[in-house]
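To keep things clear, I will list the structure first and then write my remarks on it.
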Amino acid sequence: MTGRLSPRDDLQALEGYHSAQIDVPVRLNTNESPYPPPSEFVESWLRALAAAPLNRYPDRDARELRASLAAQLGHPVERLFCANGSNEVLQTLLLTFGGAGRTAAVFEPTYALHSHIARITGTRVVVGERTADFTVDPGAARALLEEHRPALVFLCSPNNPTGTVEPSATVETIVDVTDGLVVVDEAYGEFADRSAMDLVGDDAPLVVVRTYSKVWSMAALRLGFCVAPPWVVEELEKVVLPYHLAVPTQLAGVLALRYGAEMDERVGVLVEERERLRAQLDAVDGVTALPSGANFVLLRVHDDGHALWERLVERGVLVRDFSRWPRLQDCLRVTVGTPEENDAFLAALRAALQEVPAA
Ligand code: PMP
């Protein structure tokens, strides 16, 4: 036998996920929490893990985790679906409601994994454009949805990578217009002053996706969830692999919720730091920083963005390079870190900008 099996024809043009994992002192490129989880949480988790029957499969319905989340969010447990990171939630939604012959709508520029996973599942992607301030125009959205009748509409709010928070009226218009499911990705929802969480009910075709990777400082553990009408949750449970959510993950998800007050405090600190960072960025010549409702800020530099990104790496600061993305020319995204990390970034940026020759 010779030759190698090619991937499916429709996957051949796909590129994998690109976000540099470089070992530098200041890593502000993947929107994680700069703080580890509280040590009491880690201790209680390890104790629970030591007592867990590891020879047994985990609870397939993740009942305790879903009930804990339901109580915390004020939704019935039947509306909760949990998975390995919100990416697995998105993938399960697409496996269940997307696929061959179906369409998903996204509004660019936005989180690349929405269209990436859609394509992997054979779902056709239609693209709506955001306005100059990166919000979604409800009229344009209506026209797009009426033309293509997508099964799934992805709305990321706060939007990654722009930080834009959608007005509730836009979410409501889109829910009214679509005959499919509207998926509001709120991976950064806790950092914003608006959420679609209260709009989720038993009848509206609305799903809100959240994660433990950001506020809850648990990116390493891979836990995400969605709040959705019970009929949606039932369908997702049929599609996702049995026992997909490991015992350590389920236990961590339950125990972390005991530290809600501490996490709220952290959100407050990060939001304050975000505003400080943005104000300082705006004061730098040749930089425009966008308003953000998330734990990151998008900045546009009036120079070669990629060259600047490289100079930041040379100075030990890693941010996310969007400079070559369509619609985001010369944009970089910086995660809000500790005050020390943010200061290190600002100092590196000022120094690096002086080095970049004017365009
Ligand atoms: N949605 C958005 C908008 C994100 O930015 C991310 C993380 N980069 C995710 C979902 C996935 O997060 P996780 O799988 O860690 O929950």
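A short reminder: the numbers here are calculations on the coordinates, not readings from a lab. What you see is a predicted model, and the numbers here were worked out from it, not measured in a lab. Ideal geometry is used to build each Cβ from the backbone, glycine not excepted, and the neighbour counts take in all protein chains shown.
Brief remarks on what is shown
- Whole-Å semi-axes of region 175-319's equivalent ellipsoid (Cα gyration tensor): 34, 20, 16
- A straight line joining the Cα centroids of region 317-359 and region 30-82 runs 35 Å.
- For the chain, the spread of Cα positions along the three principal axes, ordered from largest to smallest, is 59, 58, 53 Å.
- Comparing Leu312, Leu241, Leu206 in a Gaussian network model of the chain (Cα springs below 10 Å), the most mobile by mean-square fluctuation is Leu241.
- Model label sites at Ser168 and Ala100, defined 7 Å from Cα along the beta-carbon direction, differ in position by 4.3 nm.
- Distance between modelled label sites at Leu54 and Asp10, nm, 7 Å Cα→Cβ extension: 4.1
- Choice from Leu255, Leu277, Leu145 showing the highest fluctuation, given a GNM over the chain with Cα pairs closer than 10 Å: Leu255
- When the chain is treated as a GNM with alpha-carbon contacts under 10 Å, the residue of Leu90, Leu298, Leu144 showing the greatest mean-square fluctuation is Leu144.
- Alpha-carbon centroids, region 195-221 and region 235-295: separation in whole Å: 11
- Counting every other Cβ atom within 10 Å of each residue's Cβ, Glu234, Glu78, Glu166 order from fewest to most as Glu234, Glu78, Glu166.
- Legend: ranking of residues Glu273, Glu64 from fewest to most surrounding C-beta atoms inside 10 Å; resulting order Glu64, Glu273.
- Label zone at Ala246, where the point sits 7 Å out along the Cα-to-Cβ direction: region 44-69 residues whose backbone N lies under 15 Å: 46, 49-50, 52-59
- Using only side-chain charges placed at the Cβ, +1 for Lys and Arg and -1 for Asp and Glu, the dipole size of the chain relative to its Cα centre rounds to 920 debye.
- The chain: relative contact order as a whole-number percent, Cα under 8 Å and 6+ apart: 22
- Placing R0 at 51 angstrom, the Cβ-Cβ distance between Gln354 and Thr131 gives a FRET efficiency of 0.90 after rounding to 0.05.
- For the peptides 135-141, 34-40, residues were scored by their other Cβ atoms within 10 Å and the scores averaged per peptide; the highest-first order is 135-141, 34-40.
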